[in-house]
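The values are calculated or read from the model by the stated rules, or taken from the named source; none is laboratory data. These figures come from a predicted structure and were not determined experimentally. Cβ placement follows ideal geometry from the backbone for every residue including glycine, while neighbour counts extend to all protein chains displayed.
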């Protein structure tokens, strides 16, 4: 069963705009991660946020985590055409060994 | 470092045929994983390994077997391929205790006719 669910399923914006994607999960976690997948490629890790953290930044990425609502958001600021990709959240569901991935948000950034 | 590599990149099988997908990592990672990715389904964990000589079932293990005879290699076998196993298969690895960053290979696209 899916632990994380991303919302929206698809998002289309103009270059320079901000993009926000959300992830909801069901069980308690140790950490939550976000990955990017370009078409036809493997996933690439973007950022990890631990359950005791509320916000984390990495370059143009900002991730928030609300464990009381079991939700996370990924904000990409000043988007570029190269940000066009699918974005997945992944949670450990309390496991020490494995992650469960959501179905992803397809982001399209139009030049 | 090559990171995580997968062979082959693409394969066409007939129903009932067998094959082995090879995953190799040169990062000395303890943990290795096999996922399948289908349209609209995200990634689903097939099998995983927490160290050389150990394997465990994931979410969708039926029809697959795995082996981890060497720390750097994780093999995924299909004994009798079925059309339902048409998918893109990704291998990943991670280091250390706990669920840290996973590093993914480029994927193997499998078509079963």
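Things to note:
- Among residues that are part of a strand (DSSP E or B) and over 25 Å from residue A:30 (Cβ atoms), residue B:33 is not included.
- With respect to being at pLDDT 90 or above and on the phi < 0 side of the Ramachandran plot, residue A:71 fits the description.
Let's see how each residue does on (1) in contact with a strand residue (DSSP E or B) (Cβ under 6 Å, 6 or more places away or on another chain); (2) closer than 25 Å to residue B:108 by Cα; (3) surrounded by 14 or more Cβ atoms within 10 Å (Cβ to Cβ):
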position: A:29; (1), (2), (3): yes, no, yes
position: A:58; (1), (2), (3): yes, no, no
position: A:99; (1), (2), (3): yes, yes, yes
position: A:110; (1), (2), (3): yes, no, no
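- Residue in the stretch B:66-74 that is modelled with pLDDT under 95 and buried (at least 17 other Cβ atoms within 10 Å of the Cβ) present: no
- Note on the stretch A:6-60: among residues that are free of Cβ contacts under 8 Å to residues at least 12 places away in the same chain and farther than 20 Å from residue A:100 by Cα, the one that is farthest from the chain's Cα centre (by Cα) is A:40.
- Every residue from the stretch B:5-30 that is in a strand (DSSP E or B) and in contact with a helix residue (DSSP H, G or I) (Cβ under 9 Å, 6 or more places away or on another chain): B:13
- For the condition at pLDDT below 95, surrounded by fewer than 15 Cβ atoms within 10 Å (Cβ to Cβ) and within 25 Å of residue A:5 (Cβ to Cβ), residue B:40 qualifies.
- Search result, residues across the stretch A:96-111 that are within 10 Å of chain B (Cβ to nearest Cβ) and either modelled with pLDDT of 95 or more or in a loop (DSSP other than H, G, I, E, B) (or both): A:96, A:97, A:98, A:99, A:102, A:103, A:104
- Any chance residue A:7 is closer than 26 Å to residue B:95 by Cα and at pLDDT below 90: no
- Residue ranges of strands (runs of 3 or more DSSP E) in the stretch B:38-113 with at least 3 members facing chain A (nearest Cβ under 10 Å) and in contact (Cβ under 8 Å) with a residue 12 or more places away in the chain: B:42-49, B:87-94
- Strands (runs of 3 or more DSSP E) contained in the stretch A:1-95 and holding at least 1 residues more than 14 Å from chain B (Cβ to nearest Cβ): A:10-14, A:19-25, A:55-58, A:61-66, A:71-76
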